[in-house]
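Trainee: Would you mind keeping the following structure in view while I ask a few things?
Bear in mind these aren't lab numbers, they're just calculated from the coordinates by the rules spelled out. Quick caveat, the model's predicted, so the values are computed rather than measured. Please note: Cβ atoms are built from the backbone with ideal geometry, for glycine as well, and neighbour counts cover all protein chains shown.
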Amino acid sequence: MRGKDVTFLTVSLILAVVLGGFLGELVGSFLPQGAVRTLFERNVQFGFEQLTVDIYAICFTIGLLLKINFVSLLTVIFVIVYFRYWYF
């Protein structure tokens, strides 16, 4: 696998997570209350909350929190299958 392929796969996976999360929230907002709405709207969060360090003249904040829902997981699987089909 060449460098361009790795870059393309990384960018595609990031876009899949972002767009999948957005689509899941959007579709879930139009569904009536029930199991399907819960499936689309529920997400799993992992990472660490923001940490702020305030030194006399410098203040910086570090944090990373990933929210993954069902649709974002499906789009990631779709990108991986597409990548395997197209490049292998």
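Trainee: Sort Phe40, Phe83, Phe46 so the one with the fewest other Cβ atoms within 10 Å of its own Cβ comes first. Don't skip to the answer; put the middle values down first.
Mentor: Working: Phe40 20, Phe83 16, Phe46 9.
The order, fewest Cβ neighbours first, is Phe46, Phe83, Phe40.
Trainee: Take the chain, connect every pair of alpha-carbon atoms lying under 10 Å apart with a spring to form a Gaussian network, then pick out the residue of Glu41, Glu49, Glu25 with the largest mean-square fluctuation.
Mentor: So, out of Glu41, Glu49, Glu25, the one fluctuating most is Glu49.
Trainee: OK, next. Using the Cα atoms of the chain to build a convex hull, what is its mean projected area in square nanometres? Mind showing how you got there, number by number?
Mentor: Details: hull surface 35.1 nm².
Computing the convex hull of the Cα atoms and averaging its projections yields 8.8 nm².
Trainee: Give the separation of the Cα centroids, region 56-81 to region 25-40, in Å.
Mentor: 21
Trainee: Starting with the fewest neighbours, write out Phe70, Phe60 ranked by other beta-carbon atoms found within 10 Å of each beta-carbon.
Mentor: Numbers: Phe70 19, Phe60 9.
Neighbour counts put them in this order, fewest first: Phe60, Phe70.
Trainee: Relative contact order of the chain, please, whole-number percent, based on alpha carbon pairs below 8 angstrom and at least 6 residues apart. Before the final figure, lay out each step's value.
Mentor: Numbers: 92 pairs, mean separation 30.3, N = 88.
About 34 percent, as a whole number.
Trainee: Here is a further query. How do Lys4, Lys67 rank when sorted from fewest to most other Cβ atoms within 10 Å of their own Cβ?
Mentor: On the way: Lys4 8, Lys67 14.
Ranked by crowding around the Cβ, least crowded first: Lys4, Lys67.
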